[in-house]
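Derivation of every value follows stated rules applied to the coordinates shown; laboratory data play no part. Remember, predicted model here, so these are calculated numbers, not experimental data. Note: ideal-geometry Cβ built from the backbone for every residue, glycine included; neighbour counts use all protein chains shown.
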């Protein structure tokens, strides 16, 4: 390396407008995937604690498979593998969202299970003893308390999934890292541009952290 | 074991006939025969692990039993804990106060009390609130209605739990060691509220270690020993001249200190 190398701030800032075009994709894949993953997580997390083994078993299988394989392999499988089965190409954006959905869904299932199981047995008994149905007991008593306890691990998962989307540059979806690579290909400012890419991820994840901390504080009222 | 003592008349509200419960290889309740008539206050005493809590938890279906028959208000509870609509109906008529209060920490005191009347009975918020305020007044805690359970003392929480159960206008109240988790200085306020309820004629089944209270409010005391009703009778008989060796030994242990 040339010892006289100067960090080129101008080049760094100049790359930002281009990098920003990747942000909508990053956000769409992250939050679209996480939204679907949250729904998957609620369904499979609750199936996971069902007293009926034929409901529990598929949930266990799903969780173990998608938690135990890399998200990169999952997205490659969806983008390159599934079209061979389906007989038609899959949009890269859709593949990315699907990969985050099934991957975060597996982790969120465990978060949901942990949250629900952390509620003391006496809460359920108190609900039932008042004549509430099992469904009502869950809806009005167990779930609101469990959800509050789920917020910190959900935030964690959100941050992990946002960062995971950076892997999806490999399927050519125009997210943040991909935009960085495209830009560097013409300007060769790898140092400056990747630093800016990293900072933009940090801006997204820090915003999420702050929002969650606010939500948590609000949720703590009454505990 | 005898079946003598009913201090007030009428059809029994609780009827257990040869109820047996097993926890795996453990025989927790053995051939329990028991009838409770409306207005009666039955206190159940016994060593920990004797099955006394299990017994009252069977009556609202929080524990299942395996053999025998159990009726509440003429409606049968099925063995093996089949969760039926009938069971839910029974639970609306049977209130319960727990050792650990089990208030809902995410709801205000008022909402703790109004939840079940609104969701189960279908009352409007206004109606439920009116009843709840009256009940909170009655257990002397109306100034705390907007607070959350975590902001209250143990004694206050247990009184809220009592109001919450009463809001469903139950015909029978079950108490599972209601003062065992309380600091000593708070036991009195909970027992006072229970005493008042007994005086109003509520049918009550109480598991407790408060022998002074038992003697004072009970119409009948039941001593449970190793899952069996070892002796039952009016409090004077049980406390002053128990017939059974096991009862005498138990009372000697708990009344000594």
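Have a look at B:28, B:42 and point out the one that is under 14 Å from the mean Cα position of the chain (by Cα), away from chain A (no Cβ under 12 Å) and either crowded, with 23+ Cβ neighbours inside 10 Å or outside any loop (DSSP other than H, G, I, E, B) (or both).
Selected residue: B:42, the only one of B:28, B:42 that is under 14 Å from the mean Cα position of the chain (by Cα), away from chain A (no Cβ under 12 Å) and either crowded, with 23+ Cβ neighbours inside 10 Å or outside any loop (DSSP other than H, G, I, E, B) (or both).
Rundown of residues vs (1) without any contact (Cβ under 8 Å) to a residue 60 or more places away in the chain; (2) surrounded by fewer than 16 Cβ atoms within 10 Å (Cβ to Cβ); (3) under 20 Å from residue B:170 (Cα atoms), yes/no style:
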position: B:198; (1), (2), (3): no, no, yes
position: B:215; (1), (2), (3): yes, no, no
position: B:226; (1), (2), (3): no, yes, no
position: B:231; (1), (2), (3): no, no, no
position: B:241; (1), (2), (3): yes, yes, no
position: B:244; (1), (2), (3): yes, yes, no
position: B:247; (1), (2), (3): yes, no, no
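For segment B:98-111, what are the residues that are buried (at least 22 other Cβ atoms within 10 Å of the Cβ) and more than 9 Å from chain A (Cβ to nearest Cβ)?
Matches in segment B:98-111: B:109 only.
If a residue counts only when it is within 14 Å of chain B (Cβ to nearest Cβ), which helices (runs of 4 or more DSSP H) contained entirely in segment A:56-143 have at least 3 such residues?
Filter on segment A:56-143 gives A:121-129.
Might you check whether a residue that is over 15 Å from the mean Cα position of the chain (by Cα) and not in a helix (DSSP H, G or I) occurs anywhere in segment B:194-207?
Checked against the condition, which is being over 15 Å from the mean Cα position of the chain (by Cα) and not in a helix (DSSP H, G or I), segment B:194-207 yields at least one hit.
Could you list, in sequence order, the residues of segment A:82-93 that are surrounded by 14 or more Cβ atoms within 10 Å (Cβ to Cβ) and under 20 Å from residue A:62 (Cβ atoms)?
The one that is surrounded by 14 or more Cβ atoms within 10 Å (Cβ to Cβ) and under 20 Å from residue A:62 (Cβ atoms): A:82.
Can you find, within segment B:75-91, the residue that is nearest to the chain's Cα centre (by Cα) among those that are more than 8 Å from every other protein chain (Cβ to nearest Cβ) and under 16 Å from residue A:131 (Cβ atoms)?
That would be B:90.
For segment B:139-150, state whether one or more residues are within 30 Å of residue B:58 (Cβ to Cβ), outside any helix (DSSP H, G or I) and touching a helix residue (DSSP H, G or I) at 6+ places or on another chain (Cβ under 7 Å).
yes
Report yes if some residue within segment B:162-175 is free of Cβ contacts under 8 Å to residues at least 24 places away in the same chain, within 12 Å of chain A (Cβ to nearest Cβ) and over 14 Å from residue B:103 (Cβ atoms); otherwise report no.
Yes, that holds for at least one residue.
Yes or no: segment A:200-220 includes at least one residue that is within 14 Å of another protein chain (Cβ to nearest Cβ) and under 30 Å from residue B:174 (Cβ atoms).
Within segment A:200-220 (the criterion being within 14 Å of another protein chain (Cβ to nearest Cβ) and under 30 Å from residue B:174 (Cβ atoms)), the answer is no, since none of the residues qualifies.
Inspect segment A:15-24 for any residue being part of a loop (DSSP other than H, G, I, E, B) and either farther than 30 Å from residue A:138 by Cβ or in contact with a helix residue (DSSP H, G or I) (Cβ under 9 Å, 6 or more places away or on another chain) (or both) and give the result as yes or no.
yes
Could you check segment B:54-69 and list, in sequence order, the residues that are surrounded by fewer than 17 Cβ atoms within 10 Å (Cβ to Cβ) and closer than 18 Å to residue B:23 by Cβ?
Scanning segment B:54-69 gives B:64, B:66, B:67.
May I ask you to list the residues in segment B:119-128 that are in a helix (DSSP H, G or I), closer than 23 Å to residue B:197 by Cβ and more than 7 Å from chain A (Cβ to nearest Cβ)?
Across segment B:119-128, the qualifying residues are B:121, B:127, B:128.
Go through segment A:167-181 and count every residue that is in a helix (DSSP H, G or I) and either within 14 Å of chain B (Cβ to nearest Cβ) or crowded, with 17+ Cβ neighbours inside 10 Å (or both).
9
From B:94, B:72, grab the single residue that is facing chain A (nearest Cβ under 8 Å), buried (at least 24 other Cβ atoms within 10 Å of the Cβ) and touching a strand residue (DSSP E or B) at 6+ places or on another chain (Cβ under 7 Å).
Result of the check over B:94, B:72: B:94.
Looking only at segment B:61-106, filter to residues that are without any contact (Cβ under 8 Å) to a residue 60 or more places away in the chain and assigned to a strand (DSSP E or B); which one of those is nearest to residue A:137 (Cα to Cα)?
Once the filter is applied, the top-ranked residue is B:77.
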